[in-house]
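The values are calculated or read from the model by the stated rules, or taken from the named source; none is laboratory data. Note that the structure is predicted; figures quoted are calculated from it, not measured. Here the Cβ is made from the backbone with ideal geometry for all residues, glycine too, and neighbour counts use every protein chain on show. The area values use the complete protein model at the heavy-atom level, side chains included, leaving out ligands, DNA and RNA. Shrake-Rupley method; radii C 1.70, N 1.55, O 1.52, S 1.80 Å.
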Amino acid sequence: MNDVIDDWLARFDTALSSGDANAVAELFEPGGYWRDLLAFTWNIHTAEGRPAIRDMLKACLAGTAPSGWHRTTDAEETEDGTAAWIAFRTAVATAEGRVTVRDGRAHILFTAMKDIVGHEEPVGHNRPMGIVHKADRHRETWSEARAKEQARIGREDQPEVLIVGGGQGGVALAARLKQFGVPALIVEKNPRIGDSWRNRYRSLVLHDPVWYDHLPYLPFPETWPVFCPKDKIGDWLEAYALIFELDAWTSTSCDSAQWDADAQRWTATVTKDGEEITLTPKQLVFCTGAYGPPNLPDFPGQSDYRGTLLHSSQYHEGAPFRGKRALVIGAGSSAHDVAVDLWEAGANVTMFQRRPSIVVRSKTLMELGFDIYSQDAADRGLTADRADMLAASTPYALFTAKQQALYKTIIARDADFYAKLDRAGFAYDFGEDDSGLMMRALRTASGYYIDVGASTLIAEGEIGVIGNDEIECLTPEGIRFASGREEQADVIVACTGYQSMNEAVAPIVSRAAADMVGPCWGLGSGIRGDPGPWLGELRNMWKPTAHEGLWFHGGNLALSRFYSRFVALQLKARQLGIPTPVYGRPAPCRVPEDA
């Protein structure tokens, strides 16, 4: 098997060295894939098919100057073909990847920048000494140096990067930038790092397992629970920021930011503890999770309603509604969690389901969907970092088919579970193309639930379900539906989701800038909520946008961990002044007048 990979790499290296893009493309299957994370494109880009691969190479090959292609592991047989991990160099970086070969041609090539030469991540043998052991009458201790650094940042010393948001995305990126020597400042509106988790409803627990959720450089302890409560995550993020000496201003709002195209920097105004401060970073990164502002409820008759109306972002606990009639609008993750929290508090709970949701049992997903993020995988030596690379090596176009196959198994395995939901009147599906929860998360970031208890309550009739209807208006006593049905409710919790991340740009930069970059998230799959054309990568995430100096970093803990490295590499290169010609940079969605 090793010969299969070695032979292909030798032919590939020869073709690249000749500068012949056509010859290189011929080494791929006609419908082959090349997914690149920065190494060739300074972008997160997938070329699908020989013509797209040829076009990418014609634009990028000369400047990349790749060399030294070699296999770093033994080859293995996979469902996609013979595969192995590889490494190579470019004109400015070391890089790694994975190639899958079938019948002498590449089915998939995955390439990813690892380090900028001369500016490697200080890990392992590169870790800092910390101190030179000698007597010194002018000794400055670590705590003294750290206090001086904290006092100067944002005042005498301007950050290279301003990070808006101190959740998992913000701290992961700041930690990466710290190690790469890029001055960064987090501004977080809440009083403490991690409050974005602490402020959520009291019963919130991560639905993803611990092996999937590590942050860069510091895995969770071996004793950490598989499913972590929100407040524990909040405390971990706060401790993480302290351990990695991250510069963060809490109780600080980012009020405005204007881009100076001539100076190639931002002028940002922030308010810290009542003091207005001007910052001049070169890069502005929005780290607001996977979403923007909440979609606050706006129903006809809303002002007439005499009960309590909350968006899920405003809901904290069900105790005030003990013995009350509660109606939850929505059937995604938040809706299910809120419904359970209200039920546990003693409320009489009904869920209004606006459309079918994807529901998967946690136990089933743990066993079948998180196989590379598990204790068994860890015991085999598969680290989270290697699992991330393995997951990233599959282009999204192929990931869909893999998920369809997975959900055929899940549907058959849990047929009794789904029959009970059917009988309870709960509408479920597995996506328009039966590709399941993960694909819906990537496409729309909504409309799914990993069952950790709510589905049992629904199946047993403990949580009622209203479906196949539309809200006509709110009444003084509750909700009137289009069918004529009226439902009385003392409290209504609208789990109506959130806007796209680019909407967080509008009040800080401008409406024109938000429109210029366009929505974040989604692959262009053409399904509801993810309009085409097909993009092959997530919109605007972790890569250059249509607006200079404006970036988005976020997602769950796993995505924040993995992609923080690639955002940091892009920002480090720009700090160094290394040319970063971006291949496939998105065009402005709208031509701005005042961006």
Long-range neighbours under 6 Å by Cβ, at least six apart or interchain, first residue touching a residue at least 60 places away in the same chain (Cβ under 8 Å) and more than 27 Å from Y212 (Cβ to Cβ) within the stretch 348-368, second in a helix (DSSP H, G or I) and open to solvent by 10 Å² or more (accessible area, probe 1.4 Å): V349/W343
Condition broken by E432, with the remaining ones in (1) in a helix (DSSP H, G or I); (2) modelled with pLDDT under 95 satisfied: (1)
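For every residue, the table says whether it meets (1) aromatic (F, W, Y); (2) touching a residue at least 12 places away in the same chain (Cβ under 8 Å); (3) surrounded by fewer than 17 Cβ atoms within 10 Å (Cβ to Cβ); (4) in contact with a Lys or Arg (Cβ under 8 Å, 6 or more places away or on another chain).
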{"position": "V210", "(1), (2), (3), (4)": "no, yes, no, no"}
{"position": "F227", "(1), (2), (3), (4)": "yes, yes, yes, no"}
{"position": "Y240", "(1), (2), (3), (4)": "yes, yes, no, no"}
{"position": "D262", "(1), (2), (3), (4)": "no, no, yes, no"}
{"position": "R265", "(1), (2), (3), (4)": "no, yes, no, yes"}
{"position": "Y291", "(1), (2), (3), (4)": "yes, yes, no, no"}
{"position": "P300", "(1), (2), (3), (4)": "no, yes, yes, no"}
When E149 is evaluated against the numbered criteria (1) open to solvent by 10 Å² or more (accessible area, probe 1.4 Å); (2) under 28 Å from the mean Cα position of the chain (by Cα), which criterion, by number, is the only one it fails? (2)
Here the residues within the stretch 511-540 that are without any contact (Cβ under 8 Å) to a residue 24 or more places away in the chain, open to solvent by less than 30 Å² (accessible area, probe 1.4 Å) and within 18 Å of the chain's Cα centre (by Cα) are G524
Quick check on D371: is it out of contact with any His (no Cβ under 9 Å at 6 or more places or on another chain), modelled with pLDDT of 95 or more, open to solvent by 40 Å² or more (accessible area, probe 1.4 Å) and not hydroxyl-bearing (S, T, Y)? no
Selection count where residues are among the polar types (S, T, N, Q), over 13 Å from L57 (Cα atoms) and touching a Phe, Trp or Tyr at 6+ places or on another chain (Cβ under 6 Å), scope the stretch 1-45: 1
Considering only the stretch 265-312, give the strands (runs of 3 or more DSSP E) lying wholly within it that have at least 1 residues that are β-branched (V, I, T) and more than 26 Å from S560 (Cα to Cα). 265-272, 275-279, 308-311
Given the stretch 1-99, what strands (runs of 3 or more DSSP E) lie entirely inside it while holding 3 or more residues that are of a type outside the set (S, T, N, Q) and within 24 Å of W542 (Cα to Cα)? 28-37, 44-48, 81-89
Return the residue satisfying two criteria in turn: it lies in the stretch 422-444 and is basic (K, R) and in contact with a Gly (Cβ under 7 Å, 6 or more places away or on another chain), and of such residues it is most open to solvent (accessible area, probe 1.4 Å). R440
Spot the failing condition for G453; the list is (1) open to solvent by less than 40 Å² (accessible area, probe 1.4 Å); (2) at negative phi, and only one is missed. (2)
